[in-house]
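In what follows, a structure is listed as structure tokens, so that the remarks can point back to it.
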Amino acid sequence: MKRIFVILSFLILLFYIWQIWKDYNRPYLVYQKEFKELLKQKGGGEAELDDVKFVVRQRWLEKLNRVDRCETCHLGVEDPRFVDAPQPYTTHPDADKHSFERFGCTVCHGGQGLATSVEDAHGPTEDWYKAISSDNFLENSCSKCHGDFIEQEAPVLAKGRTMFKEYGCRGCHNVQGLERVKVAPPLVKIGEKVKIDWLYRWLQNPQMYLPETKMPNFQLTKEEAADMTRFLIPRVRIKDPDNFEGGSYARGKRILSESRCVTCHSFEGKGGDIGPDLAKVSSKVYPEWLFEWIKNPQAMRPDTLMPAYGFSDQDIRDLVAFIVEEYIDLELEDDVIQQNIQFVESANVGRGKELIEKYGCTGCHEIEGVEDRGEIGLDLTAIGDSHISRMDFGMIEVSHEERTVPNWLYNKMKNPRLFKAGLKMPDFTFSDLEAEALTTYLMSRSKEVVPASYHLHLGERPSDYNPQGEFGEILDNYRCLVCHTINGRGGDLAPDISIEGSRVKEKWLKDFMKTPYAIRPILVERMPRLKISDSEVETLYSYFRTTLVDDRVEKLTGSVKEMSLKDPEVISLGKDLYYNKYACNACHQVNLKGGTIGPDLTSVGERLRTEWIVYYLSDPKAFLKRSIEPVYDFTEKELEALTAFLLSAKEKK
Amino acid sequence: MSSEHDRRDFLTYLGWFATLGTFGGISVASARYMVPNILYEPPKSYKIGKPQDYPEGVNFLPDKRIFVVNNGGNYKVISAVCTHMGCTPRWIAEKDRWECPCHGSIFNNKGVVIGGPAPKPLPWYEVTLGSDNKLFVNEDRIVPFSQVLTIAA
Amino acid sequence: MSKRILIILCSIFFTPALIWFSAQVVSGSDDDHTERSGFLLPQKHSTNLTREQLRGKELYQYYCALCHGRTGKGDGFNSFNMSVPPADHTDATVMSTLSDAQIHQVIKEGGSSLGRSPMMPPWGRVISDSEINTLVAYIRTLVTSGK
Amino acid sequence: MIEKVKNIVFQNRFWKSVFRHGMPVNARLRSEAVMSNLFLHIHPVKIYKDSLLFRKTLGLGLISFYLFFILCITGILLMFYYIPHVQRAYQDMKDLEFAVSFGMILRNMHRWGAHSMVALVFLHMCRVFYTAGYRHPREFNWGVGVILFVCTLALSLTGYLLPWDQLAFWAITIVVNLIETMPIIGDDLRYLVVGGTLVGQNALIRFYVMHVMVLPLLVTMLIAVHFWRIRKDGGLARPE
């Protein structure tokens, strides 16, 4: 009995000694000692070395309700001398923008700020599922303070956000605060538009016909695709191709190239990516439909990006004739088409409808005769907050450290039916980077709220600029905003025309709209030749002059009048400045001589208003922040001389 | 017999020694447990940005409740908590002194009470320049008026 | 009597430990045999550059590459029409004669500030000093990649 | 000299009021010692020698009592750092684990002590049952023991919520949903226990007060009765 007493009491005593030893040898002390050594090597002073205390160092962020003890080990984050030091001592790259005192660490990086051991802090662990964000998904935290529209600072997040919208994710997944928009074409009269065998092939594998399409692959069986096709096109329209009154092939070819369709559409791999690739279009659509579409695309689909060119009927007939003849799928054989049509005809309409309802096609398409069941997918409003236990890894073995919500989401993006066969989510064939961007965006969907004092919205919210009246109609009709931007709304393919009224001359604009050309020598010609009337151009210009002007430019009118721009002495001074002092010809061309970065300046006097030239020379960045132009500090005299030279440049030919 | 007896006693003593040792250890550990290692309080020493951020004259930092005095590249930091009832004194540049709006305490430009109910002068805090070129204030170290941090412009 | 109790006590203490240990061993050997069938981890975008140099690279590609070329060889698409060809940043012999301060100055104040060609414009009003530092850091990395 | 000190220490009123008997060298003094000592008088003055053998009881009841004692001490210490607030509770657990000296060992002592107390109380009941200790005249004490066992379980349950982690939250959610299935009073009782409809701040503070105040007091009182009854019922039962 006594022996047991002795042994037990000694065991317990040893246990306590072990505990005390453990408590005084916390894992972080190793790092703190190493840091002190490193500091000595970096030339830290006596007082500085004394300041390195072997304790838990924490930042208490009362407003964020967080406690971060990361700096217990990451001791050099604020010290610029540790830039080259190994982790965990490295200097934090942008300590200036986000002070640790205010933000701490975990609000951006995730992880367990309270922990002081490596595994616990970085996670994931049993009792802290939110592991530190890997660099791939780090930008998901930016939106907490900076909002959703951070193009510059968080490109990955912004890309994810755009993708989420464009791929129509909202059609199947609810996200509070986002509107459910049907992003894909309506299928109401699809039988009038596309050929039945094309639809059958398309449903089986959309990427086969159009590799860049946003339509996902639902991995349907042949029977399923046939059933769905049968439902969408109940009556097979056998039409004689000769029924359509054709036009001239040669003339159609010329119109196609003159109108610069290639700016938006690509043909056999060459061309823009705004519209679909048209290389095989005649194996897809009926010529009658194509005729109606080119005549007025906006009547058939109000949200299309295609401008109404204003072609005459004969022009369109020629165009269609050329397209039907030229852009045909050569690999497709006639008997295969017939086989496909027969196969579809024998399919089951009822099953097709069921499948369409099951896969939630109505999330993106308008479909007649099918009930829209709303969002059939998971609610993603707060997907970033999900606990890992909610994520079903199915039968796949994933080690504990790799079991994180972002990793799950990433794999779901890459291969939606990885975790379980027979799931409904289709395969979008995302690349690695795309999957990362979407995962980053999804991880940013969180219910965590930071105090209002932390909010700093970066980037520009989409502008709601929407002009009415005659000008608005022209803008809408020709879809100018697909390429041009006005007051923050529009595309970035072509120049921003927010202050075009202060910039260009009326005569030049009229000529340009008739026969557009490329102002920058390096660019291919892209502005389409629209059938725009003179009166419409006048409307445009009068709107430009009244509304789209900049006071800073208009104010210069007085001083421009005082300039002696015709004085040959001034001009020759300007020439000297242009060629010798500032070497503008390094980037700009005059009379076909000079660099090709900036616009051709030969006839700049005809194109631009003199005020604009003066204004632009004095500060190029004021108009276009993204401009690659260096900023000089010209004197008044130099401004005058350069302007005078530019205005005279053409006459000197 | 006697040695057997001794051995047993020895074992008992040994057992009791271990038991009491454990109890002692627990007591000491519990006492240590009561001494907090981390505090949920605003830190007493902190960085306040670069010296260039503070123009000539007296600058007030509302977050930290301190004044940063820049006198031609000579930096000093003084508390902005009135020693009377804890209001924030205002710097009156024309009169070259602090005046507390609550009960009218007046401190001269050295922080010394020259009027009103305040019992003690405003304390000057130690300020140093860190390796990352930022000012570092330590409220735990109160320094005499004469101590300044001189930074070459 | 006491021996029996000792045995009981020992078995109480050690049985769980034994079970735990054997469980570890078994699960450890399990891991080696399972396939991870298709589960992918996001790839690290690996680069040898520091963050500073990366920022410099971004700026270089935007502002400088047009003339100096994407790889810094002075063969940008705009270089053909220049009377003075753009500097070759990969040329170790030339680059070693320039100090960081000189490169900084040329970028900031233009080629004419050092008596070189004005074809190199001053970027000081467009790119901030700290950004020019990142550019210099990046340009230095180009040398080693050249030759 | 030593005698003198001895006299001063032992031969005064204060010492004698505490130790009211001499060295227990004979039967009378021994019985006096047992009588006058709270910790010893759990047994009657006269007891069969067999009853004191370890293998008769395995000391289960006493170990349970010691565990309760340890739980009280560590529990009080833990209360110095624990704040029963939904935003702080889990964080305080983490503080104990990572930042407070000896916080982890104290918390683990509390935790494992609680687990083993449930086990040992159960084993104690088994022992009493198999040795027929619940029979006349000890029916009442058996009843008290059963209540003590239920209290032990209740203490475990209420303590389980306090870390406020996922495990705790869902465990308590399940338990209160069980309560809801009680006939007639189920809904109202659940409302009362949770202090609302969801397991939230109200539930946390209710469980906390039960865990640190109400139940420990109840258990202390019942233990007193339990021990008192052991003595009054003549110590351990013996085969008849």
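The values are calculated or read from the model by the stated rules, or taken from the named source; none is laboratory data. The model shown is predicted, which means the values in this text are computed figures rather than measured ones. As a convention, Cβ positions derive from the backbone with ideal geometry for all residues, glycine included, and neighbour counts pool all protein chains shown. Calculation scope for accessible area: heavy atoms of the full protein, side chains included, ligands and nucleic acids excluded. Shrake-Rupley method; radii C 1.70, N 1.55, O 1.52, S 1.80 Å.
The coefficient of translational diffusion for region A:469-549, derived via Stokes-Einstein from the alpha carbon Kirkwood radius under 4 °C and 1.567 mPa s, stands at 100 µm²/s.
Please report the net charge: other residues with Cβ closer than 13 Å to the Cβ of C:LEU54, K and R +1, D and E -1. Intermediate results must be reported in sequence, preceding the final value.
Numbers: positive: C:ARG51, C:ARG55, C:LYS57; negative: A:ASP94, A:ASP135, C:GLU52, C:GLU58, C:GLU131.
Neighbourhood net charge equals -2.
Based on protein heavy atoms only, region B:45-150 ends up with 50 Å² per residue of surface accessible to a 1.4 Å probe. Of the whole protein surface, A:GLU101 contributes about 70 Å² of accessible area at a 1.4 Å probe radius. Exposure check, 1.4 Å probe, all protein chains in place: D:HIS43 carries approximately 50 Å² of accessible surface.
Would you mind checking region A:44-63 for residues with the amide N under 15 Å from a putative spin-label position 7 Å along Cα→C-beta of B:VAL35? The answer is A:54-56, whose backbone nitrogens lie closer than 15 Å to the label point. Which chymotrypsin sites (Phe, Trp or Tyr not before Pro) does region C:75-147 hold that lie in a coil by DSSP with at most 16 other beta carbons within 10 Å? Loop-located and lightly packed - C:PHE77. The magnitude of the dipole of region A:469-549, with charges of +1 and -1 set on the Cβ of Lys/Arg and Asp/Glu and taken from the Cα centre, is near 280 debye. Shown here is the pair-distance distribution of the protein assembly as shown: with all Cα-Cα distances grouped in 20 Å bins from zero up to the longest one, the shares run 8, 25, 30, 22, 10, 5, 1 percent.
Taking every alpha-carbon pair within region B:45-150, the share separated by more than 25 Å comes to 15 percent.
When each of the peptides A:465-474, A:115-124 is scored by the mean number of other C-beta atoms lying within 10 Å of its residues, the order from highest to lowest reads A:115-124, A:465-474. Any idea how many Lys pairs in region A:28-132 come in under 22 angstrom at the alpha carbon, given 8 or more places apart or on separate chains? Going through region A:28-132 pair by pair, I get 7.
Within region B:43-153, how many Lys pairs that are eight or more residues apart, or on different chains, come under 12 Å at the alpha-carbon? Don't skip to the answer; put the middle values down first.
Values: B:LYS44/B:LYS64; B:LYS47/B:LYS64; B:LYS47/B:LYS134; B:LYS50/B:LYS134; B:LYS76/B:LYS110.
Total qualifying Lys-Lys pairs in region B:43-153 comes to 5.
Using a 10 Å cut-off around each Cβ of peptide C:116-123, what is the average number of partner chain Cβ atoms that fall inside?
Details: counts 0, 2, 8, 7, 3, 9, 5, 3.
Mean inter-chain Cβ contacts per residue within 10 Å come to 5.
From the C-alpha gyration tensor of region A:28-132, pull out the three semi-axes of the equivalent ellipsoid (sqrt of 5λ each), sorted largest to smallest, in whole Å.
On the way: eigenvalues 112, 48, 32 Å².
For region A:28-132, the ellipsoid semi-axes come out as 24, 16, 13 Å.
The listed peptides B:30-41, A:34-45, ordered by packing as a protection proxy, come out as A:34-45, B:30-41 (highest mean of other Cβ atoms within 10 Å first).
Shown here for region A:479-571: chymotrypsin sites (Phe, Trp or Tyr not before Pro) in loop regions (DSSP other than H, G, I, E, B) with at most 16 other Cβ atoms within 10 Å, namely A:TYR517.
Taking the charge dipole of chain A about its Cα centre, with +1 at Lys and Arg Cβ atoms and -1 at Asp and Glu Cβ atoms, the residue from A:GLY269, A:ALA184, A:LEU256 reaching farthest to the positive side is A:ALA184.
Within chain B, which is the longest segment containing none of the GluC sites (Glu not before Pro) that sit in a DSSP loop and have at most 12 other Cβ atoms within 10 Å?
On the way: sites that count: B:GLU56, B:GLU94.
With GluC sites (Glu not before Pro) excluded where exposed in loops, chain B gives B:95-153 as its longest stretch.
Candidates A:GLN468, A:GLY369, A:PHE393 compared by Cα position along the dipole of region A:365-470: farthest toward the positive end lies A:PHE393, with charges placed on Cβ.
For region D:1-46, what % of the accessible area comes from carbon and sulfur atoms, probe 1.4 Å?
Values: 2790 of 4220 Å².
Whole-percent figure for carbon plus sulfur exposure: 66.
Per residue, the accessible area of chain D comes to 63 Å² when a 1.4 Å probe rolls over the protein heavy atoms. Listed values for region D:81-91 are Karplus-derived 3J(HN,Hα) couplings in whole Hz (6.51 cos²θ - 1.76 cosθ + 1.60, θ = phi - 60°), namely 10, 8, 10, x, 10, 4, 8, 10, 4, 5, 4, and x replaces Gly and Pro.
Excluding ligands, DNA and RNA and using a 1.4 Å probe, chains B and A jointly bury around 2000 Å² of accessible surface, summed across both partners. When the trypsin sites (Lys or Arg not before Pro) in region A:557-639 are filtered for DSSP coil states and for at most 13 other beta-carbon atoms within 10 Å of their beta-carbon, the remaining sites are A:LYS566, A:LYS625, A:ARG626.
Averaged over peptide A:63-72, how many Cβ atoms belonging to another chain are found within 10 Å of each residue's Cβ? All intermediate terms of the calculation are to be shown ahead of the outcome.
Working: counts 0, 0, 3, 1, 7, 0, 5, 0, 0, 2.
Whole-number average of other-chain Cβ neighbours for A:63-72 is 2.
Toward the positive end of the charge dipole of chain A, with +1 on the Cβ of Lys and Arg and -1 on the Cβ of Asp and Glu, the farthest Cα among A:ILE337, A:LEU433, A:LEU493 is that of A:LEU433. Region A:367-422 and region A:298-332 have their alpha-carbon centroids 41 Å apart.
Accessible area of A:ASP476 (1.4 Å probe, protein heavy atoms only, ligands and nucleic acids ignored): about 90 Å². Taken along the Cα-to-beta-carbon direction at a fixed 7 Å, the label points for C:ILE8 and A:ILE522 span 9.0 nm.
Give me the inter-chain shielding for A:16-22: mean count of other chain Cβ atoms within 10 Å, whole number please. List each step's numbers first, then the result.
On the way: counts 11, 3, 1, 9, 7, 0, 3.
Average neighbour count from other chains, rounded to a whole number: 5.
Protection proxy ranking of C:108-117, A:325-334, B:69-78, by the mean of other Cβ atoms within 10 Å over each peptide's residues and highest first, is B:69-78, C:108-117, A:325-334. Over region A:557-653, accessible surface divided per residue gives 49 Å², non-protein components excluded, 1.4 Å probe.
Computed over protein heavy atoms with a 1.4 angstrom probe, the accessible surface ordering of D:ARG111, A:ARG3, largest first, is A:ARG3, D:ARG111. Simple point charges give the picture: +1 on the Cβ of Lys and Arg, -1 on the Cβ of Asp and Glu, and for chain D a dipole about the Cα centre of about 1440 debye.
With only Lys, Arg, Asp and Glu charged, each at its Cβ (+1 for the first two, -1 for the last two), find how big the charge dipole of region A:190-363 is about the Cα centre; round to the nearest 20 debye. Can you show the working numbers first?
Details: 22 positive and 29 negative charges, 92 e Å.
Dipole of region A:190-363, to the nearest 20 debye: 440 debye.
Only helical runs count toward this figure. For the protein assembly as shown, summing -39,500 (n - 2.57) over DSSP H runs of n ≥ 4 and dividing by all residues gives -13500 deg cm²/dmol at 222 nm. Quick one: check the C-alpha center-to-center distance for region A:109-177 versus region B:29-93, whole angstrom. Measuring centre to centre over Cα atoms gives 35 Å.
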